Amino acid sequence: QVQLVESGGGLVQAGGSLRLSCAASGLSFSRYAMGWFRQAPGKKREFVAAIGRIGVKTYYSDSIEGRFTISRDNAKNIVYLQMNSLEPADTAVYYCAATLYDYGTRQGEYDYWGQGTEVTVSS
């Protein structure tokens with residue numbers, strides 16, 4: 001069965017950095033584009049970043065203002081989200097997801113989801 005397991009979340013002060021990881025199993029990892037979404041308290045789940053199957057093409061939400069970088073290591077079946085200059089508004093549960101589309105920016109375009117990892121940014 002397919003599993004996507006996020007890790008790396010936690011509590012960080014504003015201005016700090018975190019790197020989230022998502023380890024995939026049960027699928028042919030390189031066949032899937034990967035994405036990160038987040039859901040802040042009281043907010044709808046929103047697109048953060050996506051990366052194509054071989055890790056060349058990347059896509060980002062305007063809301064992160066160049067502070068985040070998505071990458072993947074197909075040899076390890078892991079997708080990463082490097083988050084720098086974190087702000088309290090980045091506080092959310094972060095989810096990784098897999099899609100057979102070239103990439104996706106909407107929840108409905110993704111086939112598999114992880115359980116989420118919580119990021120809290122304090123002021």
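The values are calculated or read from the model by the stated rules, or taken from the named source; none is laboratory data. These numbers come from a predicted model, not from an experiment. Don't worry about glycine lacking a Cβ; one is built from the backbone with ideal geometry, like all the others, and counts go over all protein chains shown. Just the protein is used for accessible areas: all its heavy atoms, side chains included, with ligands, DNA and RNA removed. Shrake-Rupley method; radii C 1.70, N 1.55, O 1.52, S 1.80 Å.
For region 87-114, what are the residues that are in contact with a strand residue (DSSP E or B) (Cβ under 7 Å, 6 or more places away or on another chain) and over 19 Å from Ala33 (Cβ atoms)? Hits for region 87-114 are Glu87, Pro88, Asp90, Thr91, Ala92, Val93. As a summary of the residue check, Gln1 satisfies the conditions (1) open to solvent by 30 Å² or more (accessible area, probe 1.4 Å); (2) part of a loop (DSSP other than H, G, I, E, B); (3) modelled with pLDDT of 95 or more except for the one numbered (3). Counted as qualifying within region 50-123 are the strands (runs of 3 or more DSSP E) with 3 or more residues that are surrounded by fewer than 18 Cβ atoms within 10 Å (Cβ to Cβ), namely 68-73, 117-122. Evaluating Lys43 against the criteria (1) open to solvent by 60 Å² or more (accessible area, probe 1.4 Å); (2) touching a strand residue (DSSP E or B) at 6+ places or on another chain (Cβ under 6 Å) leaves one unmet condition, (2). Just the residues that are closer than 22 Å to Val56 by Cα and in contact with a Gly (Cβ under 6 Å, 6 or more places away or on another chain), please, taken from region 105-123. The answer is Tyr110, and nothing else.
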